[in-house]
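Notes to accompany the following structure.
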Amino acid sequence: MSTIFWEISKRNIRLHLLRSSLAMLGIVIGVVAIAAMGILGSSMVLMVSDTLSSVGDSVIVTPYSGGGGNPMGPSDGGPSGGSSGTMTSMKLTDQDFQKIKRIAAPNVAIPVLQTAEHMRVGVGSEDIVATMYGLPPEDVPGLLILSAGGYNSGESGCLVGSTFADDHNINVGSRISIGINGEKGTLRVTGIIEERGMSFDVSTDNAVVVTKDWFETTYDRNDEYDQVVVKVKSGDTADVKTAIENQFNRNPRQKTVSVTDSNELLATIYETFGTITTFVTAIGGISMIVAGVSIFNIMMMSVTERIKEIGIMRSIGTRKYGVMRMFLYEAAIIGVVGSVIGGVLSLVAGYAMSAFMLQTTKYLFTVSSMIPVVEGILFGIVVCLACGFYPAWQAANLNPIDALRHE
Amino acid sequence: MQPVIQFSDVTKIYPLRAGDVTALDHISFEVERGEFIAVMGPSGSGKSTLLNLMGCLDTPTSGDIFIGGSRVRDMSDDQLTDLRRDRIGFIFQYFNLFPLLNVIENVNFPLMLKSGTVVDPKKALEVLRAVQLEEELYTHTSLELSGGQQQRVAIARALINNPDILLCDEPTGNLDSRTGKSIMQLMTDLNKKGSTIIVITHDPMVAEYTKRTIRIEDGRIAS
């Protein structure tokens, strides 16, 4: 890169250092805006992905409610239990469950009972309302991971979610009175469920999980379930979903169940986050366009100021391509230096934004978070070259005689 | 022997809104190797047009121009550019050095165009000595030189590629008479060593140094 044109370009930038620095500043801001937004978006996706990955590969079957299923769990009859009134028709029967089990085999199908209930933790504590799940004890280890204690085998035991345990100072061995004034009995906490975050099947972080038998006895629920969760270990969730829908919803006008594929939902969520990231990055891109206009303006000024010089060059034997190269080098120097500085500063900006908005910076130095930085740098360089191209082309195509006469 | 420059019935017309202007009207002449020619004439006579055509910066409306036997009309822009670089040396009234480059870089510029990279300054030093420029000025930029010194650098740049022709446009027009004389003496010396030199001027003092004078009036050769 030791051609005379490279040398002239470098020296011209040095000669007009303030002007060149301001142009670089525009590019720096553009790259920081794009890359920092990209880092934030990417970190957001990673964080959500971390939270939701544990609920992947599930198919959730709920009674059809007319407007599509509710993947976050069906509503129920309130604190007093839910087997009466119109909600009775919003349950899956044991026959339905057995049918789902057969369709999903060899994958495990887990019947889920759910309600909201009053309860008290410890003597003299306030009455609270929390979600209760009833699950077959043999299926719990396949669905939930414990952070403390053990799975309850007896009917008087229960598991509690990590947030619920933290909020109410519950440890393994603590006792919880169920119902208003403990009318439905007392349960002993045998284990704390590891945090699951947002989930599509059972959201246990703020809930109590009891055995299916205890739930059915206490709430007089026989052979009817709020949902069935199929943990797909073999095959594709989409295939399981289709198979269940084909069996239950043969007539599209008389659907009996809503089937939700957790992977499909995850894909939708990722797509939504991706769209948001693209949108905010595009907003950052506007600043890059402004920077590009500034580069264009500066390059046009540079050409105008050096018309005579171009005329001399052409007259003593510089080809058009040589003149063009000289101006493109100038744009490239501004672009590369500005973009690299912008790339470095975008890491600082990305760190600050992640710390402030996501409360964590652990996703900053990951491959997917670094991609926006590389993209920002490349985009900055491309914008500079693109904006320098027309002025360079114009300079190269000046009439040498007119250029020589220029004062 | 083949002429260095041959003009054959050359006409140059500039189309303007107010009407066409004929700058050169059916001009024919030849320049032999080793000649030292002054082209003289009043303002607007067509001197600059003639210089531009000889320097391959412009093309004729009709007629043919041959440089070293090659017909200019048949050449592409790149070929004409290379011809200017390799066979023609330009010396301008206002020196036209590159202010961002020092003396040696300015002189080496045509060589660097040819090689595409940095070249050995040996030849530049040789030419600079030939034009009698003080050595302590070699690393200075053109802005740090006097008019006479700048013109010597410009002559050195024009000579660096051993051109067939030196085309000079009022080379002393921006110099005091003493410096102008020394520059013309330098050109005389170069001509004695074999350089073909064509000087566009309206200064009779400059014409006195040349061996032949072409007078142009109203786009025609008067004598």
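General remarks:
- Note on region B:25-79: among residues that are of a type in the set (A, V, I, L, M, F, W, C) and within 14 Å of another protein chain (Cβ to nearest Cβ), the one that is farthest from the chain's Cα centre (by Cα) is B:75.
- Hey, residue B:119 more than 16 Å from the chain's Cα centre (by Cα), under 30 Å from residue B:182 (Cβ atoms) and not in a helix (DSSP H, G or I) or not: yes
- Counted residues, region A:250-294 - those being acidic (Asp, Glu) and either surrounded by fewer than 13 Cβ atoms within 10 Å (Cβ to Cβ) or touching a Phe, Trp or Tyr at 6+ places or on another chain (Cβ under 8 Å) (or both): 1
- From the list A:2, A:21, A:65, A:84, the lone residue that is at pLDDT below 85 and closer than 30 Å to residue A:331 by Cα is A:2.
- Residue within region B:62-71 that is under 17 Å from residue B:124 (Cβ atoms) and assigned to a strand (DSSP E or B) present: no
- If you go through region A:214-237 and pick out every residue that is part of a helix (DSSP H, G or I) and either at pLDDT 85 or above or closer than 19 Å to residue A:65 by Cβ (or both), you end up with 6.
- Residue match in region B:166-181 (condition: closer than 30 Å to residue B:120 by Cβ and aliphatic (A, V, I, L, M)): yes
- Region A:148-167, residues that are surrounded by fewer than 13 Cβ atoms within 10 Å (Cβ to Cβ) and either under 20 Å from residue A:109 (Cα atoms) or under 29 Å from the mean Cα position of the chain (by Cα) (or both): A:153
- When the residues of region A:172-208 are filtered to those that are over 30 Å from residue A:263 (Cβ atoms) and small (Gly, Ala, Ser), the one that is modelled with the lowest pLDDT is A:182.
- Residues in region B:148-193 that are more than 24 Å from residue B:83 (Cα to Cα) and within 14 Å of chain A (Cβ to nearest Cβ): 2 in all.
- Residue check for residue B:82: free of Cβ contacts under 8 Å to residues at least 24 places away in the same chain, within 26 Å of residue B:50 (Cα to Cα) and at the interface with chain A (Cβ under 8 Å from one of its Cβ atoms): yes
Residues checked against (1) closer than 20 Å to residue A:316 by Cα; (2) in a loop (DSSP other than H, G, I, E, B):
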| site | (1), (2) |
| --- | --- |
| B:44 | no, yes |
| B:73 | yes, no |
| B:86 | yes, no |
| B:96 | yes, yes |
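- Test: residue in region B:86-105 that is within 20 Å of the chain's Cα centre (by Cα), at pLDDT 90 or above and within 19 Å of residue A:325 (Cβ to Cβ): yes
- In region A:221-233, the condition of being within 34 Å of the chain's Cα centre (by Cα), loosely packed, with under 15 Cβ neighbours inside 10 Å and of a type outside the set (Asp, Glu) is met by at least one residue.
- Note on region A:200-213: residues that are among the hydroxyl-bearing types (Ser, Thr, Tyr) and either surrounded by 21 or more Cβ atoms within 10 Å (Cβ to Cβ) or in a strand (DSSP E or B) (or both) total 2.
- Among residues that are surrounded by 14 or more Cβ atoms within 10 Å (Cβ to Cβ), charged (D, E, K, R), in contact (Cβ under 8 Å) with a residue 60 or more places away in the chain and touching a Leu at 6+ places or on another chain (Cβ under 7 Å), residue A:196 is not included.
- Subset tally (residues that are touching a residue at least 40 places away in the same chain (Cβ under 8 Å) and more than 13 Å from every other protein chain (Cβ to nearest Cβ)) for region A:1-42: 23
- Residue match in region B:134-147 (condition: touching a Pro at 6+ places or on another chain (Cβ under 9 Å) and more than 12 Å from chain A (Cβ to nearest Cβ)): yes
- Residue within region A:223-240 that is among the basic types (Lys, Arg) and under 30 Å from residue A:102 (Cα atoms) present: yes
- Residue satisfying condition, being surrounded by fewer than 22 Cβ atoms within 10 Å (Cβ to Cβ) and either in a helix (DSSP H, G or I) or touching a Leu at 6+ places or on another chain (Cβ under 7 Å) (or both), within set B:111, B:24: B:111
The values are calculated or read from the model by the stated rules, or taken from the named source; none is laboratory data. Only a predicted model underlies this, so the values are computations on that prediction, with no experimental measurement involved. Glycine gets a Cβ as well: all are built from the backbone with ideal geometry, and neighbour counts include every protein chain shown.
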